[in-house]
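Participant: Let me begin by handing over the structure; questions about it come next.
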Amino acid sequence: MSRNCSVAGRWAVLVLLATLASGPWTAFAATDCGRAKKSNIDMLMCSNDRLARADNFMALAFRDAFRRADDPEALIADQARWREEVRDACMDVPCLLRAYEDRTSELTTWGAGQ
């Protein structure tokens, strides 16, 4: 019985993830489009669902990294550096998508082995 519950639980998680992946992510984006200054980055972020989704995933990865961090201030400083040097250097959607995907990957391993 517990094996069946375990399999059912896994399927429930997969269905939930699939539902979330196809949902309206702009409502969950970490960037507040109603209050965002109208820079090129903000306009791109607020007009593209894939970027909104990437922004949300990165925000979740940052939250998790912050919880794991031995030195949260170093993480905050590194995030500010990334935003200024990497994210703000992008001028189009493909560049921003790569930047967010790379940063999310970095954040998922933040603190591991440090």
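The values are calculated or read from the model by the stated rules, or taken from the named source; none is laboratory data. Predicted, not measured: the structure shown is a model, and the values here were computed from it. Heads up, the Cβs are rebuilt from the backbone with ideal geometry, glycines too, and the neighbour counts pull from every protein chain shown. The protein model used for the area step is the full one, side chains on, heavy atoms only, and it has no ligands, DNA or RNA in it. Shrake-Rupley method; radii C 1.70, N 1.55, O 1.52, S 1.80 Å.
Participant: Can you name every residue in segment 55-114 that is among the hydroxyl-bearing types (Ser, Thr, Tyr) and either on the phi > 0 side of the Ramachandran plot or touching a helix residue (DSSP H, G or I) at 6+ places or on another chain (Cβ under 7 Å) (or both)?
Facilitator: Result: Tyr100, Thr104, Thr108.
Participant: Also: Quick check on my filter: what residues within segment 42-52 are surrounded by fewer than 20 Cβ atoms within 10 Å (Cβ to Cβ) and either within 18 Å of Glu106 (Cβ to Cβ) or of a type outside the set (D, E, K, R) (or both)?
Facilitator: Met43, Leu44, Cys46, Ser47, Asn48
Participant: So how many residues does segment 65-76 have that are open to solvent by less than 60 Å² (accessible area, probe 1.4 Å) and part of a helix (DSSP H, G or I)?
Facilitator: 4
Yes/no per residue for (1) at pLDDT 90 or above; (2) within 14 Å of Arg87 (Cβ to Cβ); (3) assigned to a helix (DSSP H, G or I):
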| residue | (1), (2), (3) |
| --- | --- |
| Leu20 | no, no, yes |
| Thr26 | no, no, yes |
| Ala30 | no, yes, no |
| Met45 | no, yes, yes |
| Arg50 | yes, no, yes |
| Ala54 | yes, yes, yes |
| Ala59 | yes, yes, yes |
| Arg63 | yes, no, yes |
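Participant: Anything in segment 77-107 that is crowded, with 17+ Cβ neighbours inside 10 Å and among the polar types (S, T, N, Q)? List them, or say none.
Facilitator: Selection gives Gln79, Thr104.
Participant: Could you tell me whether Ala69 is of a type in the set (Gly, Ala, Ser) and at pLDDT 95 or above?
Facilitator: no
Participant: Here's something else I'd like to know. Name, by its number, the condition in (1) at pLDDT 95 or above; (2) more than 16 Å from Tyr100 (Cα to Cα); (3) surrounded by 12 or more Cβ atoms within 10 Å (Cβ to Cβ) that does not hold for Ala36.
Facilitator: Failing condition for Ala36: (1).
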